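The values are calculated or read from the model by the stated rules, or taken from the named source; none is laboratory data. Everything numeric in this text was worked out from a predicted model, so none of it was measured. Cβ: placed from backbone, ideal geometry, glycine included. Neighbour counts: every protein chain shown.
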Amino acid sequence: MRKIDVFDTTLRDGEQSPGVSLTQEEKLEIARQLARLGVDIIEAGFAASSKGDFEAVKRIANEVRGVSICSLSRSVQSDIEQAWEALKGAEHPRIHVFLATSPIHMQYKLRMTPEQVLEQTDAAVRLARKFVSDVEFSAEDAGRSEPDFLVKVAEVAAKAGATVFNVPDTVGYLTPAEYANLFRYIRENAKGIENLKLSAHCHDDLGLAAANTLAAIEAGIDQVEGTINGIGERAGNVALEEVALALETRRNIYQATFGFDLSQIARTSRLVSKLTGMVVQPNKAIVGANAFAHESGIHQDGMLKEKSTYEIIRPETVGMADTKLVLGKHSGRHAFKDHITSLGYELDGEALNVVFRKFKELCDKKKYVTDEDILSLLLEYE
Ligand code: KIV
Ligand code: ZN
């Protein structure tokens with residue numbers, strides 16, 4: 001089983017979600033939980049972006065052990081120096097420098113020529129390497145960059161001493177096949193990058209972030225970047241828990257692992273949701289409130305007979321409460337009987353039919369039928 005490094009950016013790209021701002025204490029609490037989950041690198045923030053971020057990166061670097069701590073940095077001297085100042089206390093510090101490489105970004109945002117981008121890549125990585133032995137370079141908007149130019153950037157970054165070359169699909173534009181081919185192209189054509197780790201960083205603008213990340217894994221990449229619950233700029237980053245469970249559930253295909261303690265997933269998701277205020281949608285894969293809930297009669301009947309009929313993951317694997325058989329208008333007699341037994345009532349035959357009919361009538365009138373509603377139906381019948 002191939003081990004993929006996990007670079008968690010919940011505290012940096014995740015915090016870039018509109019409306020999210022975490023305090024130093026909150027960031028530290030999330031960082032500790034990420035370490036418990038088993039991520040390899042925590043991007044604790046962007047030290048040069050604000051005093052608050054600088055202090056948060058410093059605190060996490062000083063206090064969280066057993067995992068690499070990273071700060072984002074533009075490819076400019078002052079940012080790189082501040083990143084190092086904040087990271088000094090880390091057990092394993094990493095500086096993450098980035099510079100855009102797509103024609104659109106180089107022309108309109110940077111107003112730089114490709115040659116200038118190559119020079120700045122070289123200078124930034126060399127400077128960062130004076131401070132730390134682990135330097136990641138990100139070719140921002142790689143998804144819309146010329147593959148041949150990315151090859152040159154990767155070569156320059158590797159020669160300057162980068163350890164990781166990140167290929168972000170910054171605006172979530174690529175399809176899975178395109179993203180996988182881009183990695184293969186870089187690996188096959190760039191010279192002198194044998195020791196350079198390749199990293200995937202996907203955004204979810206077209207809802208393809210998990211599919212793209214998995215395609216990159218199939219193309220042989222070494223590191224995955226993402227966030228918990230998929231929070232992040234615009235439509236968010238790839239949700240790490242989704243990729244982790246895809247690797248686990250479809251081992252036969254990917255033969256790769258994040259090495260997570262999967263039972264920590266629900267706890268991590270709840271903590272991030274609580275502290276960021278970003279509610280997890282009920283139907284969210286893996287961690288949504290409905291991810292292990294079954295409402296229709298046919299499904300509930302199947303679940304009562306054998307759980308693998310409608311569940312490919314057991315809720316306890318990810319630390320979620322047990323499967324929920326939700327009673328609603330699609331529920332069957334079998335699940336209803338099972339539920340009232342759990343409430344302490346034993347009904348069969350005609351008695352069960354009467355109460356079940358009343359329950360169905362109530363379901364057509366009320367959106368949520370609670371246990372109290374069911375108990376009052378049972379009392380009425382008694
Ligand atoms: O999406 C992106 O390009 C980024 C970079 C800073 C890595 O977040
Ligand atoms: Zn990003």
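Would you confirm whether or not the range 124-131 contains a residue that is within 23 Å of Arg184 (Cα to Cα) and crowded, with 22+ Cβ neighbours inside 10 Å?
no
Considering only the range 189-206, state which residues are out of contact with any helix residue (DSSP H, G or I) (no Cβ under 9 Å at 6 or more places or on another chain) and away from ligand 2 (no atom under 16 Å from the Cβ).
Lys197
Out of Ser138, Ser133, report the one residue that is part of a loop (DSSP other than H, G, I, E, B), among the hydroxyl-bearing types (Ser, Thr, Tyr) and either more than 18 Å from Val238 (Cβ to Cβ) or touching a residue at least 12 places away in the same chain (Cβ under 8 Å) (or both).
Ser133
Which one is nearest to Asp141 (Cα to Cα), of the residues in the range 182-194 that are touching a residue at least 12 places away in the same chain (Cβ under 8 Å) and not aliphatic (A, V, I, L, M)?
Phe183
So which of Ala209, Ala215, Ala235, Ala219 is among the hydrophobic types (A, V, I, L, M, F, W, C), out of contact with any Cys (no Cβ under 9 Å at 6 or more places or on another chain), over 19 Å from Ile41 (Cα atoms) and within 16 Å of ligand 1 (Cβ to nearest atom)?
Criteria check complete, one pass: Ala235.
List the number of the failed condition for Lys197; all other conditions in (1) within 14 Å of ligand 1 (Cβ to nearest atom); (2) in contact (Cβ under 8 Å) with a residue 60 or more places away in the chain; (3) surrounded by fewer than 24 Cβ atoms within 10 Å (Cβ to Cβ); (4) under 23 Å from Ile253 (Cα atoms) hold.
(1)
Residues of the range 51-74 being touching a residue at least 60 places away in the same chain (Cβ under 8 Å) and hydroxyl-bearing (Ser, Thr, Tyr), which ones?
Within the range 51-74, Ser68 is the sole residue that qualifies.
Filter the range 1-51 for residues that are of a type in the set (Gly, Ala, Ser) and more than 15 Å from ligand 1 (Cβ to nearest atom); which is farthest from Glu63 (Cα to Cα)?
Filtering first and then ranking leaves Gly19.
Taking Val287, is it more than 15 Å from ligand 1 (Cβ to nearest atom) and either surrounded by 18 or more Cβ atoms within 10 Å (Cβ to Cβ) or modelled with pLDDT under 95 (or both)?
Yes.
Scan the range 232-246 for residues that are within 11 Å of the chain's Cα centre (by Cα) and within 16 Å of ligand 2 (Cβ to nearest atom) and report the count.
Count: 7.
Kindly indicate whether Ile313 is among the aliphatic types (A, V, I, L, M), in contact with a Phe, Trp or Tyr (Cβ under 9 Å, 6 or more places away or on another chain) and more than 30 Å from Phe260 (Cβ to Cβ).
The answer is no for Ile313.
Quick one: which residue in Thr276, Thr249 is in contact (Cβ under 8 Å) with a residue 12 or more places away in the chain and closer than 22 Å to Val20 by Cβ?
Only one candidate qualifies: Thr276.
Taking the conditions exactly as written (surrounded by fewer than 19 Cβ atoms within 10 Å (Cβ to Cβ) and closer than 19 Å to Leu275 by Cβ), does Arg36 satisfy them or not?
yes
For the structure I just gave you, tell me whether Ile228 is within 16 Å of ligand 2 (Cβ to nearest atom), over 30 Å from Gly349 (Cβ atoms) and in contact (Cβ under 8 Å) with a residue 12 or more places away in the chain.
Criteria met by Ile228.
When you check Leu247 against the structure, is it under 22 Å from Thr163 (Cβ atoms) and either acidic (Asp, Glu) or touching a strand residue (DSSP E or B) at 6+ places or on another chain (Cβ under 9 Å) (or both), yes or no?
Criteria not met by Leu247.
Restricting attention to the range 313-336, which residues are part of a helix (DSSP H, G or I), crowded, with 18+ Cβ neighbours inside 10 Å and of a type outside the set (A, V, I, L, M, F, W, C)?
Hit for the range 313-336 is Pro315, nothing else.
Taking the range 50-88 on its own, how many of its residues are of a type outside the set (Val, Ile, Thr), surrounded by fewer than 19 Cβ atoms within 10 Å (Cβ to Cβ) and more than 24 Å from Thr268 (Cβ to Cβ)?
8
For the range 146-254, which fully contained helices (runs of 4 or more DSSP H) count at least 1 residues that are among the small types (Gly, Ala, Ser) and modelled with pLDDT of 95 or more?
Once the helices (runs of 4 or more DSSP H) in the range 146-254 are filtered for at least 1 residues that are among the small types (Gly, Ala, Ser) and modelled with pLDDT of 95 or more, what remains is 147-160, 176-189, 209-218, 240-249.
Which pairs turn up if I take residues in the range 207-223 that are without any contact (Cβ under 8 Å) to a residue 12 or more places away in the chain and look for partners that are surrounded by fewer than 24 Cβ atoms within 10 Å (Cβ to Cβ) with beta carbon separation below 9 Å, at least 6 apart in sequence or on another chain?
Matching pairs, first to second residue: none at all.
Taking only the range 1-52 into account, find how many residues are at pLDDT 95 or above and either within 16 Å of the chain's Cα centre (by Cα) or within 16 Å of ligand 2 (Cβ to nearest atom) (or both).
29
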